[in-house]
1. Longest span of the chain, sites excluded, free of GluC sites (Glu not before Pro) in DSSP loop with at most 16 other C-beta atoms within 10 Å?
2. Evaluate the charge dipole of the chain about its Cα centre and quote only its size in Debye, nearest 20, assuming +1 on the Cβ of each Lys and Arg and -1 on the Cβ of each Asp and Glu.
3. Which entry in (i) 1.25; (ii) 1.21; (iii) 1.05 matches Cα Rg over 2.2 N^0.38 Å derived from the coordinates of this structure?
4. Mind pulling the angle between the C-alpha long axis of helix 24-33 and the longest principal axis of the chain? Nearest 10 degrees, somewhere in 0 to 90.
5. To make sure I understand the rule: partners must be lysines, Cα under 27 Å from the Cα of Lys234, and not fewer than 8 residues away in the same chain. Which ones qualify?
6. Considering the chain as a Gaussian network with a 10 Å cut-off on Cα pairs, which listed residue, Gly187, Gly140, Gly126, attains the greatest mean-square fluctuation?
7. My understanding is that a pair violates if its Cα-Cα distance is over 28 Å; which of Lys50/Lys170; Lys3/Lys96; Lys150/Lys182; Lys18/Lys81 do that in this structure?
8. Any idea what the relative contact order of segment 1-65 is, in percent, if you count C-alpha pairs under 8 Å spaced at least 6 apart?
Amino acid sequence: MGKIKIGLIKEGKNPPDKRVPFTPSQVEEIMQRFPNVTIVCEESPVRCFKDEEYFSLGTEISFDLSDCDILMGIKEVPIDKLMPNKTYLFFSHTIKKQSYNRKLLQSVLQKNIRLIDYEALKDRQGNRLVAFGRYAGIVGAYNGLWTYGKRYGEFSIRRAFDCFDVNDLKLELRKVKLPDIKIILTGAGRVGKGAMETLDTAGIRKVSPSDFLHQNFNEPVYVQLSSSDYHQRKDGGNFNREEFHKSPHLYDSKFYKLR
């Protein structure tokens, strides 16, 4: 197998994303397992991992990635930073025909770039391989609690990005002191389960939809709802998940009844 050189690019979108395609230890493992692969890291002051952390594990730090075969990032690459005739991996946010990135896709085509969009990577069953998951739910729910604390002054917790890791974040959740409010969490997928993890860690009790609607509580509680809990067929028939996703116009929302 021929040699392959991969470059981890500096995020150019503003505000810049701190996430990385590979951690320093993952880069080290890849180069050990695949001797034909070399990974170079573009200098960046904004990554969640410092350049020194990559360098200490044997990764070259460079200002020039023009000799790389594959370039990997997270968010959209600025048009003026796209190098012709390269293979790029990043979230382009064009697969749904987003008009605000039309020029980006046009530039990709004009520069003969092979774009591999993380959003389009799927397994044989059609499930996305790179998508929002548990950690998105954890951080999303955490940010909601942070916002509530700021809005009402009931408590103060650090921003999620200021926490070292998920364990540090969960320690912050011990500071959450909510009044007797009711919280609705929709969805039961990977993101929903992550959000539930945050609410559970914050000591907020989960209750059933029936109790949520008809009972009062002297503590903060939350309910987790699926689509069938707050949508109903217009003709009064039974809820069908596959039909709902394909023909949502056949359904009405009954979410207002949960208020």
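1. In short, 44-153.
2. Numbers: 42 positive and 33 negative charges, 197 e Å.
That gives a dipole near 940 debye.
3. The calculated read-out lines up with (i).
4. 60
5. Lys246, Lys254, Lys257
6. Result for the chain, Cα springs under 10 Å: Gly126 fluctuates most.
7. Details: Lys50/Lys170 24 Å; Lys3/Lys96 35 Å; Lys150/Lys182 18 Å; Lys18/Lys81 18 Å.
Check vs 28 Å cut-off fails for Lys3/Lys96.
8. Details: 94 pairs, mean separation 25.1, N = 65.
Once divided by the residue count of segment 1-65, the mean separation gives 39 percent.
The values are calculated or read from the model by the stated rules, or taken from the named source; none is laboratory data. Please read all numbers here as calculations on a predicted model, not as lab measurements. Positions of Cβ are backbone-derived with ideal geometry, glycine not excepted, and every protein chain shown enters the neighbour counts. Accessible surface is based on the protein model in full, side chains and every heavy atom, while ligands, DNA and RNA are left aside. Shrake-Rupley method; radii C 1.70, N 1.55, O 1.52, S 1.80 Å.
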